[in-house]
1. Tell me which of Tyr378, Leu63, Ala235 sits at the most positive position along the dipole axis of the chain, charges placed on C-beta atoms (Lys, Arg +1; Asp, Glu -1).
2. Taking the dipole about the Cα centre of the chain, with the C-beta of Lys and Arg at +1 and of Asp and Glu at -1, give me whichever of Met123, Thr199, Leu45 is farthest to the positive side.
3. Run the quick spin-label model on Met123 and Met484: label points 7 Å from Cα toward the beta carbon, then report their separation in nm to one decimal.
4. Check which residues have an amide H placed less than 5 Å from Val389's amide H, if you skip close sequence neighbours.
5. Using 30 Å as the Cα-Cα cut-off, could you pick out the over-long pairs in Lys95/Lys459; Lys71/Lys228; Lys66/Lys297; Lys315/Lys576; Lys358/Lys413; Lys315/Lys482?
6. By how many nm would the segment from Leu346 to Ala318 grow when fully extended, if each residue of separation counts as 0.36 nm and the alpha-carbon distance is taken off?
7. Assuming a ≥ b ≥ c are the square roots of the Cα gyration tensor eigenvalues, decide whether the stretch 453-611 counts as rounded (a/c under 1.5), prolate (otherwise, with a/b larger than b/c) or oblate.
8. So what does the Cα-only Debye profile of the stretch 13-279 read at q = 0.16 Å⁻¹, as log10 I(q)/I(0), no solvent term?
Amino acid sequence: MTNKLAFSLAMALAAAAALPATAAEAQTPPAATAQSEDLRLTAFLDAEFAAYVKTQPQLATRLGIKEGGDKWNDNSDEAARAELAWRKASVARMKAQFDRAKLSPEGQVNYDIWALEADRAEMSFANRIYRPPFYSRLYSAHSQLPDFLINTHTVADVTDLKNYIGRLKGLPAVLDRALERTQASQKAGINPPRFQIETIIAGSKQLTSGAPFGEGPDAALWADVKAKTAGLVTAGKLTQAEADTLLEEARQAVLGIQPAYARVIAWAEASLPTAPSGKVGALTLPDGLAYYENELKLVTTTDYTAAQIHEIGRKEVARIEAEQDALARQAGLADRHAFYAERARLNPPRQYDDAARKEYLDTANAFVAHTRSLLAPYFGTLPAYGIEVVREPAFSEVAGGAAHASAPSPDGKRPARTYVHLVGTVPDPAAMYTLMCHEAVPGHNMQGDIQVRQQGGPKFRSVTGYVAFGEGWALYAENLCKEMNAFPDVAADFMRLDAELFRAARLVVDTGIHAMGWTEDEAVTYMNTTGRQPIERSRSEVRRYITLPGQATGYKIGMLKIMELRQRAESKLGPKFDIKGFHDLLIASGSQPLSILERRVDEWIAARAAA
């Protein structure tokens, strides 16, 4: 899955309908005029984006900006309302100052996406009551905030360390505001499921256990600030005496978060007896189906309804199972069931221990390096920064948890990372290769590396992302690994199909839960038997879908569109088709809604055909 920056961006249908669909329909101004207007638009958008970043200190940190580095984003309803008003006003300013027809095709893309972001903000704000900060399995405030400090707030100098301590001091207020928003959603009938409440209690207790709160190993935040401070001492940027003074300030700040987490725990424990379980999809919420259909539009950037996505999922499941049967027969086995049985025989269940964790990380990092060496024939634009596979932090690690990726910092000092959960049952080792293709190379980490290094265009494009595009690319990347001959054996290729089957099953399960009244157990059973996921992974995945409606549908919908566009380009261009040019077109200029992507591919096809 894509990194945790707000990569759930989308398009609005009314605006999308106004966009030109093909190159022939777009007005093409004289080159000199277009270049001049593009530069002027870029300057305008950069100024607007700079103003926006000043209101988003966590985004500024991700971009390597120190200003406001001791602050958190304002997660209040008032701030969200103000942001929406600002975005609308910004688009109005853009439309007043620029004639879209005078821009180049790339300039028109930038213009369109900036306008669409305002529409997305309005749609998201309408759904805000359904998204309380403690509701999401992936993005719950109790774990997301410390995760940001540990994995995103780098400490390269004393200023960074002081900012880190400032954020520690500000953490209780952010938690309190998040709690207020969640309680407001509860009053509106939107309650976190029982399993999520239990996760919040366990995670909050773990974050406030051990030193300096009491006996035992260092708590996660205390261990992190100590390690980052020691790094400055080792680098000669801080004397030990100065470090000791700052560490004592940090220790007091860490101790200061305990009362806020105690309030979170108290709220969660009070909510537990009445927390819903069993049937907990969108249909159980006030106007839940309308909310869910809106989420599908935001995530997929298409007009697909829940019923259409459900049917697409079932058809894809059948197609993939047939391909698995064919591959099994090539391997000398009767069918996919026999292949799965053989893999189970060769890999009996075992639990992760330190040796298994080291083996997984060593193998995964070696495979990522190998895949990276195969990119040149397929891409003109290559990743430039470090990419590493690491273990999920203990406070958010769960058995069967989904791996996820984060982009590097724009200067490359913080590498791109893929986080994996290494507790519970060890998966089939052949499945790791596809996962690394998806999360690392040529998937999310590579895409993020290219996006943060974008030059020439508006800066906002380097951080703007769309689920269907980003996850669609990552799923396409799994298939590309097969094309690149990256997989070591037939088992790895079979497990690629297994991973694609899992994504197709997601279409069925997500829509089943939220539009067809499935219970949690019904969804888990389908994911286990048809999606072929172990029971603990099935349970973890279904709980993710319950608390993040629609997000999981973006993967397969996005991949299917990318495959469709590639087939269209190959068919129309024949020998003029250039795989490097096609891939660079897709990911070298940043994330985009599928409607805009299709328009750009059609323009590219027309230009190459005429050359």
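Derivation of every value follows stated rules applied to the coordinates shown; laboratory data play no part. Source: prediction; values computed, not measured. No Cβ is skipped: glycine too gets one built from the backbone with ideal geometry, and neighbour counts run over all protein chains shown.
1. Checking the options against the dipole of the chain, the answer is Leu63.
2. So the residue we want is Leu45.
3. Distance between the two pseudo-spin positions: 3.1 nm.
4. Those qualifying (amide H under 5 Å, at least 5 residues apart or on another chain) are Thr418.
5. Where the Cα-Cα span goes over 30 Å, the pairs concerned are Lys66/Lys297; Lys315/Lys576.
6. Working: separation 28, 0.36 × 28 = 10.08 nm, distance 2.64 nm.
Value of the extension gain: 7.4 nm.
7. Prolate, because a/c is 1.5 or more and a/b exceeds b/c.
8. The Cα Debye sum returns log10 ratios of -1.16.
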